[in-house]
Structures are given as structure tokens and as C-alpha cells.
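A short worksheet on the structure shown next.
FYI, it's all coordinate maths here, none of it is from the lab. Remember, predicted model here, so these are calculated numbers, not experimental data. Positions of Cβ are generated from backbone atoms using ideal geometry, with glycine treated the same way; all protein chains shown enter the neighbour counts.
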Amino acid sequence: MNDKPQTYLNHRRVNPLFHLFVSPILIANVAIRLVAAFDEPSFDSIWATIEAAALYGLAFSARHMALILQNRLISQEERLRLARVLPDDLRARIPELRLGQLIALRFASDAEVPELARRCLAGEFATNDAIKRAITSWRRDTLRV
């Protein structure tokens with residue numbers, strides 16, 4: 001496991017198998033099949049193109065479903081953490097936080113999250129990325145999809 005501290009600059013997760021191998025090969029396969037179908041149109045070449053597109057769609061869909069599940073889990077984990085660390089005045093406002101805000105706040109330390117949550121609820125952050133940029137004391141999150 002990497003012991004390097006997590007920051008805004010290194011927090012994004014790249015899954016080498018998916019992002020650098022599977023996805024590029026499946027996209028290239030669709031392109032190759034499309035070219036072949038245009039060069040020599042036939043039922044087989046068109047069907048091969050459809051199959052290639054379906055295979056890429058399957059890989060993309062599987063990744064997308066995993067990300068949706070991850071976001072649901074993060075949402076629940078963060079709501080529980082916020083209920084534990086926020087002061088009473090903010091605790092009652094946890095349901096007002098949007099999913100993207102909860103996802104961004106997961107990187108903030110327990111000591112820093114109350115002020116960031118207050119700023120979120122006050123509408124200070126235009127984007128979820130702005131929340132992440134405001135974090136000074138990062139919590140590592142290495143169990144991401």
C-alpha cells in the first residue's frame with residue numbers, strides 16, 4: 001500500500017486494468033469493426049460491430065454500476081460520520097447536503113469537516129471540486145472503485 005499522503009493532486013483513482021487496458025482495447029475494437037463494416041459491408045461485419053459496441057457497453061456499464069454503489073456507500077458512511085462529528089446545529093442539517101458534497105467531504109479530516117460542512121450549507125462552494133480544493137487535512141481513501 002502507498003504510504004504517500006493523499007492530497008487534492010493525487011486523490012483521483014485510476015484502475016490500470018480498466019482505464020489503461022480494457023477500455024482502450026474495447027474502444028479500438030469498436031473502431032476497427034466500424035472501419036471493416038464500412039470497407040466491406042456484410043451481415044457479419046455489421047454484426048461484429050454491434051457485438052464490439054455491446055462488449056464495450058458491458059464493460060462501461062459494469063464500471064458505472066460499481067461507481068453508483070460506491071457513491072451510495074460513501075453517502076451512508078459520510079452521513080454517519082457527520083452525525084458523530086458535527087455540532088448539534090449542523091447535525092440537523094445533514095439531509096440538506098447533496099451527494100456530491102458528501103463525496104467531496106469524505107476526504108476532510110474529522111477536525112476540518114464541521115467548518116467545511118458549514119460552508120457547504122451556506123452555499124460557499126460553487127462545485128464539489130471546490131470543496132476538495134479547500135481541504136487542508138486530507139483523510140486517505142484508498143478503497144475506491
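Summary table below
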quantity	calculated
Magnitude of the charge dipole, region 16-134, Cβ model with Lys/Arg +1 and Asp/Glu -1, debye to 20	500
Cα convex hull of region 16-134 - mean projected area over all directions, nm²	9.8
Cα-projected label distance for A66 with K4, points at 7 Å along beta-carbon direction, nm	2.1
Of L55, L9, A66, farthest towards positive along the dipole that unit charges on Lys, Arg, Asp, Glu beta carbons give region 1-72	L9
Between helix 23-39 and the chain: long-axis angle, C-alpha atoms, 0 to 90°, nearest 10	30
In degrees, nearest ten, helix 43-85 long axis to first principal axis of the chain (Cα)	10
Helical mean residue ellipticity (222 nm; -39500 (n - 2.57) per DSSP H run of 4+; nearest 500) of the chain	-19500 deg cm²/dmol
Kirkwood hydrodynamic radius of region 8-70, from inverse mean 1/r over distinct Cα pairs, in Å	13.1
Distance in nm between pseudo-label sites at H11 and S23 (7 Å out along the Cβ direction from Cα)	1.9
